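Participant: Take this structure, written in structure tokens, and hold onto it; I'll ask about it next.
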Amino acid sequence: MLDPQLLRNNPIDVKKAMQRHGSDLDLDVFNALEKQRKDIQVKTQNLQNERNKSSKSIGMAKAKGEDIQPLLDSVSQLGDDLKVAEAELNEVQAKLQSIFLSLPNVLADDVPTGKDEEQNIELRKWGNIPAYDFEAKDHVDLGQALNGIDFEAGAKIAGSRFVTLSGPLARLQRALTQFMLDTHVDQHGYKETYVPYLVNKESLLGTGQLPKFEEDLFKIGNDSPYYLIPTAEVPVTNLVRDEIIKANDMPLKYVAHTPCFRSEAGAYGRDVRGMIRQHQFEKVELVQIVKASESEQAHEQLTQHAEGILQALELPYRLMLLCSGDTGFSATKTYDLEVWLPGQSAYREISSCSNFNDFQARRLKARWRNPETGKPELVHTVNGSGLAVGRTLIAVMENYQQADGSIKVPDALKPYMGHVTSITP
RNA sequence: GGAGAGAUGGCAGAGCGGUUGAAUGCACCGGUCUUGAAAACCGGCAUAGGUUUAUCCCUAUCCAGGGUUCGAAUCCCUGUCUCUCCGCCA
């Protein structure tokens, strides 16, 4: 959520910023609501003040043993007026609140303006694209030949966009997960966390998936529903909801491995082949909770931590700076890591690292106490995939494939694979 | 699933329906003292919103939502969560 003061003081600038982020703000509606809010709020507070004073004087009169009946008569109308005013105020504030919740974050200055992923900017490339003296297969063909990936079974058990893994490929996914967790914990200083995979509405409001993007989520139950997490960002970032963090504990760095569930409602027909886009996938997520002055640096650092995994696995990738149209709702700036997939002869997203500034923190009421002022200040949140495990599995399979259809095990993963060096049919 | 207890400031913990935003202790900040530190003593110390140049002032908030009342941290109802005991269970 944006700072309401920013919106009140610089509505025109905010409107421009919203348009850059693919949203719009109806200033006439907003200004009208704001004026209403002020009028009704002042009126309500005056009535409350009157009631409080009266009640106090009744209390004092009673204590002195005076007759309070005349005082009671004089406030008889007050209660009704106050109720009406409070109801009006609630209504206006609810409308304003829904406007605030629907506005995206203001983008960082260095985010290029653009419509979609075509306008993203490549910042750097790493690794060499492998040259094959045979025709490179994609993970679907490789996996089926190895008898380790079964889309039919996934479809039978659950439906489309589900998959089953078995044997060494299932283990390879687990090895990747372990390797990523160990690296981030042992080398990058993150704290491993285990979190719920079902969350409540408040958590999703906090990180910004709700109220706008409900159709992307799987929902369970009706009266007080649970949602399956679309990313570990939701439960992990919500660790600090309604908390005031001690200065000494900052920054907080969390890593969590979770399954992620996405309805992919808007993705009919996209990536229907293979396990690029599934309703359920594994991901290792990095989350940092930092001071405002440190979030830009943390964002760069976290991105490098994600890159470190790709480098350790020797997978070629490139780093993209997302343009305004491709940057998500809550983010102020996002880097995508795209891994090379020989089966598609294309770079595909394997990690998305974002700085949210105080946007999520304001919704979450996540603060730290600044010893210099003694006051709580909003934290900044930064997160990124480190990495999407399912897609990393694909990338390893396709980049490490051999002419005979076998897959070499990357050196970094051998300790996690019982020192097997190759997966063969 | 059954029975009971509870939820109050950063933490711990008081609080007969009436000048209680809330005692007290700890923590924290400033000061006195000290060669320095500790101790002791003095003072300060919730969050959000409105008004304001600022101070002041006003409003709301004692888990959440309703209700009773002129007035609710305090009484009533509902929900959530925590703890204890019993049962069940990976």
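The values are calculated or read from the model by the stated rules, or taken from the named source; none is laboratory data. Just so it is clear, the model here is predicted, and its values are computed rather than measured. Reconstructed Cβ throughout: ideal geometry from the backbone, glycine too, with neighbour counts over all protein chains shown. Side chains are part of the model used for accessible areas, which takes the heavy atoms of the whole protein and leaves out ligands, DNA and RNA. Shrake-Rupley method; radii C 1.70, N 1.55, O 1.52, S 1.80 Å.
Participant: Restricted to segment A:219-236, and to residues that are within 13 Å of RNA strand B (Cβ to nearest atom) and surrounded by 12 or more Cβ atoms within 10 Å (Cβ to Cβ), which residue is nearest to A:Ser351 (Cα to Cα)?
Facilitator: Looking at residues that are within 13 Å of RNA strand B (Cβ to nearest atom) and surrounded by 12 or more Cβ atoms within 10 Å (Cβ to Cβ), I get A:Tyr226.
Participant: Of all residues in segment A:346-365, count the ones that are within 12 Å of RNA strand B (Cβ to nearest atom) and under 15 Å from the mean Cα position of the chain (by Cα). Give the steps one after another, and end with the answer.
Facilitator: Taking segment A:346-365 first, the residues within 12 Å of RNA strand B (Cβ to nearest atom) are A:358, A:361-362, A:365.
From what is left, the residues that are under 15 Å from the mean Cα position of the chain (by Cα) are A:358, A:361-362.
So the answer is 3.
Participant: May I ask you to verify whether A:His188 is part of a helix (DSSP H, G or I), closer than 25 Å to A:Val236 by Cβ and not hydroxyl-bearing (Ser, Thr, Tyr)?
Facilitator: Numbers: part of a helix (DSSP H, G or I): no; closer than 25 Å to A:Val236 by Cβ: yes; not hydroxyl-bearing (Ser, Thr, Tyr): yes.
Here the answer is no, as A:His188 does not meet what is asked.
Participant: A further question on this structure: Going through segment A:26-84 one residue at a time, which ones are of a type in the set (S, T, N, Q), near RNA strand B (Cβ under 8 Å from one of its atoms) and not in a helix (DSSP H, G or I)?
Facilitator: A:Ser76 - this is the single residue of segment A:26-84 that is of a type in the set (S, T, N, Q), near RNA strand B (Cβ under 8 Å from one of its atoms) and not in a helix (DSSP H, G or I).
Participant: Tell me, which helices (runs of 4 or more DSSP H) lie completely within segment A:287-400 with 2 or more residues that are touching a Phe, Trp or Tyr at 6+ places or on another chain (Cβ under 8 Å) and among the hydrophobic types (A, V, I, L, M, F, W, C)?
Facilitator: Numbers: elements: A:295-312, A:359-364, A:389-399.
Here the list reads A:295-312, A:389-399.
Participant: State which residue is farthest from RNA strand B (Cβ to nearest atom) when the search covers only segment A:16-25 and only residues that are of a type in the set (D, E, K, R) and in a helix (DSSP H, G or I). Before the answer, list the steps.
Facilitator: Filtering segment A:16-25 for residues of a type in the set (D, E, K, R) gives A:16, A:20, A:24.
The next check asks that each one be in a helix (DSSP H, G or I); those that pass are A:16, A:20.
On the way: A:Lys16: 22, A:Arg20: 25 Å.
The residue in question is A:Arg20.
Participant: Something else: Of the residues that sit in segment A:264-315 and are of a type in the set (Lys, Arg) and surrounded by fewer than 24 Cβ atoms within 10 Å (Cβ to Cβ), which one is farthest from A:Gln344 (Cα to Cα)? Show your work before the answer.
Facilitator: Going residue by residue through segment A:264-315, those that are of a type in the set (Lys, Arg) are A:270, A:273, A:277, A:283, A:291.
After this cut, where a residue has to be surrounded by fewer than 24 Cβ atoms within 10 Å (Cβ to Cβ) as well, the list is A:270, A:273, A:277, A:291.
Numbers: A:Arg270: 14, A:Arg273: 11, A:Arg277: 14, A:Lys291: 41 Å.
Among residues in segment A:264-315 that are of a type in the set (Lys, Arg) and surrounded by fewer than 24 Cβ atoms within 10 Å (Cβ to Cβ), the one farthest from A:Gln344 (Cα to Cα) is A:Lys291.
Participant: On the given criteria, is A:Asn10 surrounded by 12 or more Cβ atoms within 10 Å (Cβ to Cβ), more than 10 Å from RNA strand B (Cβ to nearest atom) and of a type outside the set (Phe, Trp, Tyr)?
Facilitator: Judged against the criteria, A:Asn10 is a match.
Participant: Picking from A:Gly390, A:Gly374, which residue would you name as being within 9 Å of RNA strand B (Cβ to nearest atom) and either open to solvent by less than 40 Å² (accessible area, probe 1.4 Å) or within 15 Å of the chain's Cα centre (by Cα) (or both)? Spell out how you get there, then give the answer.
Facilitator: Values: A:Gly390 fails: within 9 Å of RNA strand B (Cβ to nearest atom).
Answer to the selection: A:Gly374.
Participant: Go through (1) open to solvent by 50 Å² or more (accessible area, probe 1.4 Å); (2) farther than 24 Å from A:Arg277 by Cβ for A:Asp216 and report which single condition fails.
Facilitator: Among (1) open to solvent by 50 Å² or more (accessible area, probe 1.4 Å); (2) farther than 24 Å from A:Arg277 by Cβ, the lone unmet condition for A:Asp216 is (2).
For every residue, the table says whether it meets (1) over 19 Å from A:Pro425 (Cα atoms); (2) assigned to a helix (DSSP H, G or I); (3) not assigned by TED's automatic domain parsing to the domain that holds A:Arg362.
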| residue | (1), (2), (3) |
| --- | --- |
| A:Glu88 | yes, yes, yes |
| A:Glu91 | yes, yes, yes |
| A:Ala94 | yes, yes, yes |
| A:Asp133 | yes, no, no |
| A:Lys137 | no, no, no |
| A:Val140 | no, yes, no |
| A:Phe162 | yes, no, no |
| A:Ala170 | no, yes, no |
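Participant: Any residue at all in segment A:132-152 that's over 25 Å from A:Met275 (Cβ atoms) and open to solvent by 40 Å² or more (accessible area, probe 1.4 Å)? Lay out the reasoning, then the answer.
Facilitator: Step one: filter segment A:132-152 for residues over 25 Å from A:Met275 (Cβ atoms), giving A:133.
If we keep only those that are open to solvent by 40 Å² or more (accessible area, probe 1.4 Å) as well, we get A:133.
Taking every residue of segment A:132-152 in turn, at least one turns out to be over 25 Å from A:Met275 (Cβ atoms) and open to solvent by 40 Å² or more (accessible area, probe 1.4 Å).
Participant: Which one is farthest from A:Glu307 (Cα to Cα), of the residues in segment A:142-160 that are of a type in the set (A, V, I, L, M, F, W, C) and in a loop (DSSP other than H, G, I, E, B)?
Facilitator: First pass over segment A:142-160, keeping only residues of a type in the set (A, V, I, L, M, F, W, C): A:142, A:145-146, A:149, A:151, A:153, A:155, A:157-158.
With in a loop (DSSP other than H, G, I, E, B) added as a condition, the list becomes A:146, A:158.
On the way: A:Leu146: 29, A:Ala158: 33 Å.
Selected residue: A:Ala158.
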